[in-house]
Each structure stands twice: as C-alpha cells, then as structure tokens.
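The values are calculated or read from the model by the stated rules, or taken from the named source; none is laboratory data. None of the values given here were measured: they were computed from a predicted structure. Positions of Cβ are generated from backbone atoms using ideal geometry, with glycine treated the same way; all protein chains shown enter the neighbour counts. The protein model used for the area step is the full one, side chains on, heavy atoms only, and it has no ligands, DNA or RNA in it. Shrake-Rupley method; radii C 1.70, N 1.55, O 1.52, S 1.80 Å.
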Amino acid sequence: MDVLTAIAILTLGAALLGAALGFAAVHFRVEGNPLTEKIAALLPQTQCGQCGYPGCKPYAEAIAQGGADINLCAPGGEDGVRKIAELLGLEIKPLAEGAAQKPPAVARIVEDRCIGCTLCIQACPVDAIVGAAKQMHTVISSLCTGCELCLPPCPENCIEMLPVQETTENWAWRYPARVPALPPLALSPAASGENSC
Amino acid sequence: MLKRPLAFRGGIRLAHHKYESAHSPIASAPLPERLILPLRQSAGRAPEPIVREGDRVKKGDRIAAAEEWISASLHAPTSGTVRAIGPFPVAHPSGLSAPAIVIEADGADEWGEKTPLLDSPARSAANRAALSPEETQRFLQNMGVVGLGGAVFPSHVKLSRAPNTPLQTLIINGAECEPFITCDDRLMRERADDVISGTLFLRDLLEVKETLIAVENNKPEAADALRAALARADAAREIRDVAVMELPAIYPAGSIKQLIFALTGKRAPAHVLPTALGVQCFNAATVYCVWRAVAHGEPVTHRVVTLTGNVEHPGNMEVPLGMPMGQLLALARPRPETDACIVGGPMMGFLLTDERAPVVKGSNCLIARSDAFFPPLEPETSCIRCTSCAQVCPQGLQPYELYWWSRAKNSEKAARYQLMECIECGCCAYVCPAHIPLVQYFRFAKGEVRAAEKAQDMAARAKERFEFRQLRAEREKAERAEKLARAAALQAEKLALAAVTDTDSPANAQTPTTENAP
C-alpha cells in the first residue's frame, strides 16, 4: 500500500511538473538566440562589414552558432575581443590579421566635387548622409560611425575620412606616467649567488 | 535647522595659507590691451558668437549667445573692437586651444546699456512679486551668471524646481575650503550687503524654508561681515529664516556633498542632484553676481582672483575676464625661484601650460609655485594597502581598491567600486605614504568609463538607425512588389476584359482592327 502511495505521489508530481514545463515552453518561449543579442550588444554597431559579415548582427549570429572567430571586428578592437571572450568563456585572441583598429574618424564630403549621385546615401548603413539626386550631399558627422562604406561607391572620390581631432571638449586625462622609485637593482653574479638561499 | 554643523566623514586638516592674501582689500587689475574670451566658460554647450571681426562693442555687451538651456551667454568686459574669433590657448590641463573672441580694448571702458531685472533696488520688493521664475531664469542666462566656485554650472538651470520635491534649504557656499584661496573671503567681507541681497533674492525666488550661509571658521571676519549685513537687511524687513553657519575648517568642507551633509544631514549619491533632496546650493561669489545682474544690470564680466604663493604682493584682484594669466600673476610680482603657476587651489588645481591663457569665469586663484611652498613629489612606491586613503576619503570610498583597478586599466571593475562617486578632492593622494598620485589614476579611469558610456550610446544609436533603415528597405521592397503586383493585376484584368469584349461583341469582329493585326 505504502509503495503504491509513493508511486502515485511521484507520478502526480511528475505530471504536474511536466505540465508546468510544457506550459513554460509554450508561453515563456524566448524568440531568437539570446546569446546573439548579448554578443551584438558588445559589438560597436558600425555595420561596416569589415568582419566579412553584412553587419553586426549577422556577425553576432555567426559567433553564437560557433562558426566565426571572435577576433574579426576591427572597430571593436582588442577590448571588444576581450569582452566577447569573457562572455563566451573563450581564450582572448589578438585581432585577426588585416583587422587593425584605426583611430576614430568621420567621413566628410568635399562639397565642391559632389555631383549628387546619391550612391553614398544608399551605401550608408546608419542614414548619416543627407542629400537628394543632383543636389549636394553632406555627412551628419555626429551620426557617422566611420565605417567607410561610402568611400567605394563614390564615382568622384570626393569623400574623405577625417580623424576625430582632440579638443578641450573631448579630451580625457592620460594614464599617469609611473616614475620608478629606485633604479632597477643591478646585482653582480657573485652577489646574487651570496644572497640566494 | 541644525544648531551646529555635523562632522562629515574623512577629510583632512591642511595648512590654510589664507593669511598671506586675505589681509589686503580687493584691488582692481589694470585693463590689458587685449582680452581673450574663450567661448566655453560654463558647463554645458558653449555659446555661439554674435559679433564679427571689426565690430565695436561696449562694456557689458553680449558677444556670444546661449543657444541651449544648459549654457550661458558671454559679454564684453570692456569697450573696444573685436579683433579675432578663433582658437586661442586656454587654461586647461590638456594645454589645447579652444575657440575664443579677442577684444582690443579702447581704454574708455564705456558701459553699454544696462537693463536690470529689478528697476531699482529700492523698488525691488514690489517688482519681485510680479516676476515669474522663468523670466528670472532667462535673464540670468542672458547675463552669463554661472557658478563661480569652479564648476561653472549655469546658475539659471539650478533655479528650476525638481518635480515632486519642494525645496527646503538654500545653502550659500562661502566655505572656500581649499588652502591659499581667499577671493570669496574678501568678497564676503567687502561686499557683504550685495551677497546678502542676492541671497534674499534667491530665497524669495525659490521659496525655501531656511537659508544657510556656510563659512569656514578660519574666516571669522567674513562671517561677522555677513551677520552685520544680515542685521542691516533685517532692520528693513524682518528676516528669521536666514543664518550664517560656521563650519570647522576641514578640507573638503566646501564640496557640495560634504556641505549638504554637514548642514542638513542629507546624503546625495552620485547622479542625484541636490534638488532631489530638497536642497539647492550656490557659491557666495555667484550670489553676488546674481545681485549685480538683477539689481544693476551688470553681466558677469569681472571676477575676483586670488594671487598668492611665491609672490612679493599676495592679494586679491578684481580682474576683467580675458586677461592673460601670466600678465595677471606678474602684477603680484612672483619671486625669482617661481617655476610654474597653479590655476585653482593646490589640491584640485592644475599647472598653467601657456601664460597667454586668459582668466575665465571659473578661475578663482593663481598660485606661483616654488619648491619652498610645494616640495617636489617623492618617487612613487608600491601600495601596501595601509588604508590611510580610505580613512580620509570624504566619500567613503576605498581608494586603494580603485587604484588597483585603475592602474590595471580595468575601469569597469573600478566603476563597480563606485569610482564615479570620487570627487577628486585629493585627500587620498595627500596622505598616501607611498606617494602614489591616486587622483591622476582616478581621473584617467573616469575618462575611460565616460568614453565607454559614450561608445555604448553611439552603438545603441547606430543600431537603432541601422535597424530602422533595414525596416524601411523591406517596407519599400514590399510596397514596390505590391505596386508591381497591382499593375500586373490591372494589366491582366484589362487583357481579360479586352478578351471578353473581343469574343462578346460581334461588332468588334466586323470592324477591321489594327490592334489584333499581329
């Protein structure tokens, strides 16, 4: 009798938990891969495609599925690689060859030479270029991510990348130069032999 | 109202070095030939120039206008001609240049039109009732009134009320806790009536319950002068809720968070404005400028600067904004062994990189540096985690932990140890037995945290725009497909109709058609 009660209780428990899990699987279902979102949050969202994928999200998806290396994002730099490695529990790698991090820059259209072809407007992934057909175009520099995707389509070669200048507005304190308290101790071989114990 | 100020946590007692410069009255600095007025003289956005090269300006004329709420206008400190608008060396720790307006003085020092907010001080009580707070705020913004204690936050912004929290306490900060600086001390002593009038004006505007004027107890003359001025104002109309409070001279008693705690017992964490605690705080010199603006129509064009340190004639001078700092310090006759000039106090100031850099609204003190006053820094040794720094930190932080992570350039970890709560007062570095420049490490790490936040913001915005662009591209594609489909359907319908009419009407068959020819 005791055995039957135990079996009944366990069966009931299993049925209840199973039902709860089934309910959760349907109603609390997570759309998409949450890992992709987490990785995408660590990418700089320049949408530059330098990693070989057509944007930051596709690259994040590729990493999440284990297909892509984590060191392909040049704008993210070493710091970005470190963050992704920490998230995924992987070894930190140096940036892939050819994926050198450049100093921050924004695009600028040399307005005298712009013919108003709209090709750069179509190329800009973040809609940071304004203009219309046969009208001069210009870059909204505060929105430009410096992805350089507008450079190749321009038939006039009139877009240039300007490195972001340091001003009193964006200046930040440098890492303090550490002055060694004492010059490194130069031990003669004999002295070091005496001191070792 | 507290009877006695509370003792805040940590802090250090420093040699005051106030006597040297505090014993002589405020002198007027001679007018230099050229004034350099950097556009950025306040927190927030720099105002935009409204004059052009060659324009004639009079003293007090507006030369740059604020275009955003957190921004304040700039005025000509003397009459003359605008000679240039462009980058010029400024007093900034980076040594970089910044856009400035250069005015060549004509020597006449002729005032432009003055338009006070209150027609005359005598009628002020009647006028005040008719004033809306917004009107006063716009007026102060146009008069370029900003916090003169050093943070240069536009004062009009601080007159906005926090939603849901009524203001209870107005604090006038005359603590002036950094050693050597005495500009507020002299101002409170000599122009106490204006300071009190400004205080009462702000009190009426903000409708606070109590007003406390805080003065460190190493400035008894200033406290007495303020009490006397308060008594004079009391004789005109009864004032019960304003008091002068003397604080023990423990650095950094004048820091806003420490001051609020000492006077009210309230603590403000980082990113929480004092208004959220029902407290608002203004520097004594700012209050003076508020009064000069509202009662006399004088914008902020001059300020009192302390000249001290290794000089023959230490003292305070009322200086037109834009006067080159090197020229100003020379008036106090630096002694021969002076090797540098500190802008600001010895604890939080920085070294001047270019002596052409001009005095701005935030410049309160110039100290001629010499080894006798400031012995050279001893070499930095290793941190032994003695926790001396934690004992003096007025913010209750653990600077040795912050140092550990800042030195390792791991600003995320440092931020978790509440790096952003650091007020950079320098107490930790002052007591550090290993002579580690702790504040320099913290400033670096704070810059990293801010850069990371900015990058995060940029990334979020870029992502949003990219996703919207994709959405739009898809929508356009769908719309185009729909249009094509509709056109195709229309075409098919037409053809079908044509076919139907073709077969149905016999007349059609009889008429010779060219359409069906092929």
- Query: Counting only protein heavy atoms, what percent of the accessible surface of region A:105-174 is carbon or sulfur at a 1.4 Å probe?
  - Reply: 53 percent
- Query: Based on DSSP H runs of at least 4 residues, each adding -39500 (n - 2.57), what is the mean residue ellipticity at 222 nm of chain A after dividing by all its residues, to the nearest 500 deg cm²/dmol?
  - Reply: -10500 deg cm²/dmol
- Compare B:Asp339, A:Asp112, B:Asp241 by solvent-accessible area with a 1.4 Å probe and give them largest first, with all protein chains kept in place. A:Asp112, B:Asp339, B:Asp241
- Let me know the volume per residue of the alpha-carbon convex hull for region A:1-112, in Å³. 151 Å³
- For A:165-171, what's the mean count of beta carbons from other chains sitting within 10 Å of each residue's beta carbon? 6
- Within a 10 angstrom radius of each residue's Cβ in A:34-47, how many Cβ atoms of other chains show up on average? Whole number is fine. 3
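Protein chains only, probe 1.4 Å: how do A:Asp2, B:Asp354 rank by accessible area, largest first?
Highest to lowest solvent-accessible surface, that is A:Asp2, B:Asp354.
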- Note on the structure: In whole percent, the fraction of accessible protein surface over region B:365-459 that belongs to carbon or sulfur atoms, probe radius 1.4 Å, stands at 52 percent
- Ranked from the most accessible area to the least, with a 1.4 Å probe and all protein chains present, what is the order of B:His296, B:His16? B:His16, B:His296
- Item | Among B:252-265, B:429-442, the order from most to least packed when residues are scored by Cβ within 10 Å on average | B:252-265, B:429-442
- Minimum 30 Å² accessible area buried by the other protein chains, region B:436-467 residues, probe 1.4 Å, relative to alone: B:Gln440, B:Tyr441, B:Arg443, B:Phe444, B:Met458, B:Ala459, B:Arg461, B:Ala462, B:Lys463, B:Arg465, B:Phe466
- Message: Please report, ordered by residue number, every helix of chain B (full DSSP H runs) that is 30 Å or longer along its axis going by C-alpha atoms and whose mean Kyte-Doolittle hydropathy reaches 0.5.
- Response: none
- Note on the structure: Result for chain B: accessible area per residue, probe 1.4 angstrom, in square angstrom, of 47 Å²
- Query: In nm, what is the difference between 0.36 nm times the number of residues separating B:Arg335 and B:Ala228 and their Cα-Cα distance?
  - Reply: 34.7 nm
- FRET efficiency (B:Leu351, A:Gln65; Cβ distance; R0 56 Å; to 0.05) is 0.55
- Task: Report the far tail of the P(r) of the protein assembly as shown, meaning the percent of Cα-Cα pairs longer than 49 Å.
- Result: 35 percent
- Note on the structure: If R0 = 51 Å, then B:Glu104 and A:Leu35, at their Cβ-Cβ distance, give a FRET efficiency to the nearest 0.05 of 0.20
- Using only atoms on other chains, find how many Cβ atoms lie within 10 Å of each Cβ of peptide A:127-136 and report the average. 1
- Message: What figure, in Å² to the nearest 10, do you get for the accessible area of A:His27 with a 1.4 Å probe and non-protein molecules left out?
- Response: 120 Å²
- Note on the structure: The answer for chain A, accessible area per residue at 1.4 Å probe in Å², is 64 Å²
- Among DSSP beta bridges whose residues both lie in the protein assembly as shown, state the antiparallel percentage, nearest 5. 65 percent
- Item | Peptides ranked, highest mean first, by Cβ atoms within 10 Å: ranges B:304-317, A:12-25 | B:304-317, A:12-25
- Task: List the aspartates and glutamates whose Cα lies under 14 Å from the Cα of A:Lys57, skipping any in the same chain that are fewer than 8 positions away.
- Result: A:Glu37, B:Glu464, B:Glu467
- Which percent of the accessible area of region B:1-63 is formed by carbon and sulfur heavy atoms (probe 1.4 angstrom)? 50 percent
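Give me the accessible area buried between chains B and A, both sides summed, with a 1.4 Å probe, in Å² rounded to the nearest 100.
Rounded to the nearest hundred, the buried surface is 2900 Å².
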- In region B:183-292, the GluC sites (Glu not before Pro) that sit in a DSSP loop and have at most 15 other Cβ atoms within 10 Å of their own Cβ are B:Glu207, B:Glu238
- Residues of region B:378-402 buried by at least 10 Å² on assembly (accessible area, 1.4 Å probe, chain alone as reference): B:Pro379, B:Glu380, B:Thr381, B:Ser382
- Is it possible to state the helix-based mean residue ellipticity at 222 nm for chain B, with each DSSP H run of 4+ residues giving -39500 (n - 2.57), the sum divided by total residues, to the nearest 500 deg cm²/dmol? What is it? -11500 deg cm²/dmol
